[in-house]
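The values are calculated or read from the model by the stated rules, or taken from the named source; none is laboratory data. Fair warning: this is a prediction, and the values are worked out from it, not measured in the lab. We place every Cβ from the backbone using ideal geometry, glycine too, and count neighbours over all the protein chains shown.
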2 protein chains.
Amino acid sequence: MQVLDLPAHAGLRVDGARLWNSLMELARIGATHKGGVCRLALTELDKKGRDLFVAWAKGVGCTVRIDAIGNIFARRAGLRDDRPPVMTGSHIDTQPTGGKFDGNYGVLAGLEVLRTLNDNDVRTVAPLEVAVWTNEEGSRFVPVMMGSGVFAGAFTLDYALMQKDREGISVRDALASIGYEGEHVAAHRVGAYFEAHIEQGPVLEANDKVIGVVQGALGQRWYDVTIEGMEAHAGPTPMELRRDALLVAADLIREVNRIAISHAPHGRGTVGWVDVHPNSRNVIPGRVKLTVDFRAADDATLDEMDAALRDMCAKSSLPVAVDEVVYFAPQPFDASLVDSVRDSANALAYTSMDAISGAGHDAVYLARVAPAAMIFVPCKDGISHNEIEDAQADHLEAGCNVLLQVMLRAANAPVQEGAQA
Amino acid sequence: MQVLDLPAHAGLRVDGARLWNSLMELARIGATHKGGVCRLALTELDKKGRDLFVAWAKGVGCTVRIDAIGNIFARRAGLRDDRPPVMTGSHIDTQPTGGKFDGNYGVLAGLEVLRTLNDNDVRTVAPLEVAVWTNEEGSRFVPVMMGSGVFAGAFTLDYALMQKDREGISVRDALASIGYEGEHVAAHRVGAYFEAHIEQGPVLEANDKVIGVVQGALGQRWYDVTIEGMEAHAGPTPMELRRDALLVAADLIREVNRIAISHAPHGRGTVGWVDVHPNSRNVIPGRVKLTVDFRAADDATLDEMDAALRDMCAKSSLPVAVDEVVYFAPQPFDASLVDSVRDSANALAYTSMDAISGAGHDAVYLARVAPAAMIFVPCKDGISHNEIEDAQADHLEAGCNVLLQVMLRAANAPVQEGAQA
């Protein structure tokens with residue numbers, strides 16, 4: 001068996017067909033009529049998916065460990081098992097009307113990397129791990145990114161375990177019922193974390209690129225906004241005597257868009273949810289509630305967007321209440337790992353571009369406790385969280401080849417001063 | 001008993017306290033905890049309200065007739081019963097969370113006119129009638145203004161009788177179950193029709209006037225509008241690659257308002273109902289449906305408003321479908337009856353102003369088959385169709401005094417050429 005030698009292993013390639021077949025096989029568990037997948041976290045279907053992954057991982061010689069929040073770690077031994085592992089992973093739970101690739105790709109790309117190394121008798125210095133993080137989607141239990149959040153200390157294990165679904169079943173009980181409540185261990189050290197993922201957006205496709213070199217994740221500030229007007233009959237109430245809450249809402253929707261555009265390239269602003277009261281054809285709306293979702297690459301920009309929103313609301317002709325309900329800090333990824341992704345894409349002659357993650361991913365939490373980076377590949381029309389989510393086999397193979405190279409580089413990198421402290 | 005002599009009867013006044021007490025007594029039938037009334041058309045409560053009115057009408061010497069759609073006509077004989085009656089009336093059905101005055105005031109003001117004439121031994125040349133129109137509100141059965149619509153030939157009796165409520169009960173069966181299915185008679189001729197009503201808007205109060213001299217009713221054009229965008233994740237989708245249906249909706253909401261304002265004083269435009277799909281906080285809206293309600297005093301103005309709406313939709317960055325779903329023609333009231341309302345208010349030294357009915361009323365249908373006019377009185381804060389609907393006793397009394405005078409004038413007016421043809 002060969003020890004890692006970069007020049008020698010630059011020619012290693014994953015088996016794209018095997019990766020695709022694994023994706024399709026996993027997608028049969030919870031398959032929907034429309035070609036998607038419904039495999040909610042900690043259900044019997046999730047158990048079947050987990051069991052399949054565990055069987056595959058053991059089949060490639062991994063040792064498998066489950067932690068107390070149900071995260072699965074499949075470990076391939078290194079030459080120096082005292083070193084922290086180079087980890088990759090993602091999730092296999094889906095949205096209720098989810099697709100075959102979101103999350104599943106990152107997990108099975110990791111498995112394909114291990115299979116390729118086995119095929120070629122390659123050993124790495126540091127051990128490798130493929131992680132399956134519990135309940136990334138948050139469809140059944142909140143908070144989202146639960147398993148990686150516990151691992152990274154974003155919230156406590158006890159907090160996560162006591163969360164309940166709509167039927168009142170706790171995470172603790174759901175884990176026990178599918179047999180994935182592992183031993184309570186402290187999160188282990190990670191030498192480097194990579195996550196391959198479909199982009200879930202349209203940028204790569206619009207730019208005709210195969211690999212997105214992800215710089216980091218946007219910070220997020222979410223708001224609940226309530227506009228108080230006065231409901232009145234549409235007929236007898238002249239325009240000048242109205243207090244139409246929907247008119248103010250319309251201005252706000254426009255302004256959220258303007259604020260985001262004025263903070264290009266990464267500023268994003270969305271009003272996704274609107275509730276009109278009483279929502280009757282011939283009644284002037286007396287109250288409108290809506291949500292605002294601001295995203296940006298740094299806190300200074302988010303602060304400016306926040307100030308612009310509050311300024312407009314304060315100047316409104318009707319009372320507007322603004323409550324901030326969610327904050328995720330911007331999370332840059334590790335510069336040298338990001339460079340490694342870019343270099344590997346170049347070395348493999350894949351078209352690539354710098355990208356930013358607008359959504360949350362397990363990697364965003366992992367970046368709090370380890371050097372981390374992500375690899376994006378295109379998905380058709382940018383559509384995800386949808387049964388018609390689709391991706392090209394050659395793109396998935398390309399992302400997996402990049403993942404192979406960056407993991408090889410990280411796993412054989414010279415250990416830096418203090419890295420094993 | 002005196003025959004009508006205008007100078008002699010200019011000093012006649014209704015009993016405001018009696019009117020108020022009748023309103024409060026009727027309001028006990030279906031009274032709600034919040035001080036309103038829930039007395040849906042053709043329910044047991046409606047029957048109790050009808051029975052009370054019929055008893056009162058018989059108590060003042062009226063003959064009572066029910067027609068095939070359940071309209072009640074209480075007739076006070078005139079000196080010349082071959083003349084068509086001078087009629088007043090309104091409705092006593094309410095919204096589910098309705099008030100004490102909407103409709104009920106017009107009926108009981110008519111009753112109070114008859115009581116006042118009895119008290120003063122006044123006979124009129126033409127007979128007088130007080131009508132209670134079936135199902136004006138349309139809350140339980142559509143179409144709205146059902147009884148007056150059948151009477152005026154806006155739609156057929158059979159069409160009205162076959163309409164069903166949400167439980168599948170037809171108007172025919174509901175009428176039978178409360179014993180108000182009358183004989184099937186053709187609508188009788190009406191010499192003049194007056195309707196006293198709370199304004200249901202804020203104009204009189206804003207102008208500090210007691211009597212609204214209603215010139216007519218606005219025409220209405222209602223639309224269903226659908227904007228087709230593309231739903232996408234709020235995070236990974238940059239602003240320039242979005243097809244956000246809600247942004248187009250926001251522009252449309254603003255434009256509907258602008259169009260109405262540019263057609264002052266009577267142009268009105270309202271977006272009252274909005275449906276956002278998928279209506280999720282972090283998903284860019286892929287489809288928005290909304291309603292548009294345009295009103296104006298004449299068809300030429302409505303045509304301009306329609307053209308402006310369609311023009312904007314055609315120029316939209318996303319496909320916008322516009323379906324017109326309702327049209328009510330503008331309905332001017334009879335000029336000489338409108339003058340009579342104004343003159344009577346002046347003679348009684350009530351402050352008054354010209355007004356327009358933005359909403360539908362039974363009088364609007366009656367105006368198709370008889371000279372018609374309306375008398376508005378203020379309601380608190382312009383609020384109606386609400387349990388907190390309120391009106392001042394002195395305003396209600398003032399409107400009733402105007403009603404008394406205009407009915408006396410009409411009932412003793414010289415018969416014009418061909419009026420009895």
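For region A:271-311, filtering for residues that are under 25 Å from the mean Cα position of the chain (by Cα), of a type in the set (Asp, Glu) and closer than 20 Å to B:Gly229 by Cβ leaves 1. Right, B:Glu387: buried (at least 20 other Cβ atoms within 10 Å of the Cβ), modelled with pLDDT under 95 and among the acidic types (Asp, Glu) or not? Criteria met by B:Glu387.
Residue count for region A:310-340 under the criterion of being buried (at least 20 other Cβ atoms within 10 Å of the Cβ) and in a helix (DSSP H, G or I): the result is 4. Within region B:345-370, the set of residues being acidic (Asp, Glu) and within 14 Å of another protein chain (Cβ to nearest Cβ) comprises B:Asp354 only. Residues considered: B:Arg39, B:Arg28, B:Arg50. Of these, the only one that is surrounded by 21 or more Cβ atoms within 10 Å (Cβ to Cβ) and without any contact (Cβ under 8 Å) to a residue 60 or more places away in the chain is B:Arg39.
For region B:358-383, a residue qualifies if it is closer than 20 Å to A:Met230 by Cα and in contact with a Phe, Trp or Tyr (Cβ under 8 Å, 6 or more places away or on another chain), and exactly one does: B:Cys379. Tallying residues that are in a strand (DSSP E or B) and within 7 Å of chain B (Cβ to nearest Cβ) within region A:192-213 yields 0. Of all residues in region B:359-384, those being farther than 21 Å from B:Val190 by Cα, modelled with pLDDT of 95 or more and either aliphatic (A, V, I, L, M) or touching a Pro at 6+ places or on another chain (Cβ under 8 Å) (or both) number 1.
Looking only at region B:198-212, residues that are of a type outside the set (Asp, Glu) and in contact with a Phe, Trp or Tyr (Cβ under 6 Å, 6 or more places away or on another chain) come to 4 in all.
The rows are residues; the columns are (1) of a type in the set (Ser, Thr, Tyr); (2) at negative phi; (3) touching a residue at least 24 places away in the same chain (Cβ under 8 Å).
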{"residue": "A:Val130", "(1), (2), (3)": "no, yes, yes"}
{"residue": "A:Thr134", "(1), (2), (3)": "yes, yes, yes"}
{"residue": "A:Val144", "(1), (2), (3)": "no, yes, yes"}
{"residue": "A:Ser148", "(1), (2), (3)": "yes, yes, yes"}
{"residue": "A:Ala152", "(1), (2), (3)": "no, yes, yes"}
{"residue": "A:Asp158", "(1), (2), (3)": "no, yes, no"}
{"residue": "A:Leu175", "(1), (2), (3)": "no, yes, yes"}
{"residue": "A:Glu183", "(1), (2), (3)": "no, yes, yes"}
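Within region A:7-40, being of a type outside the set (Val, Ile, Thr), touching a helix residue (DSSP H, G or I) at 6+ places or on another chain (Cβ under 8 Å) and assigned to a loop (DSSP other than H, G, I, E, B) holds for A:Ala10, A:Leu12, A:Arg13, A:Asp15, A:Gly30, A:Cys38, A:Arg39, A:Leu40. Within region A:381-400, being within 11 Å of chain B (Cβ to nearest Cβ) and among the β-branched types (Val, Ile, Thr) holds for one residue alone: A:Ile383.
Within region B:341-351, if we keep just the residues that are in contact with a strand residue (DSSP E or B) (Cβ under 8 Å, 6 or more places away or on another chain) and crowded, with 24+ Cβ neighbours inside 10 Å, the residue that is farthest from B:Val326 (Cα to Cα) turns out to be B:Ala345.
Is it the case that region A:371-380 has a residue that's more than 14 Å from every other protein chain (Cβ to nearest Cβ) and assigned to a loop (DSSP other than H, G, I, E, B)? Yes, that holds for at least one residue. Checked across region B:157-171, the condition of being at pLDDT 95 or above, more than 30 Å from B:Asp381 (Cα to Cα), of a type in the set (Lys, Arg) and part of a strand (DSSP E or B) holds for at least one residue. Aliphatic (A, V, I, L, M), closer than 26 Å to A:Val283 by Cβ and not in a strand (DSSP E or B), is that true of B:Leu175? Here the answer is no, as B:Leu175 does not meet what is asked.
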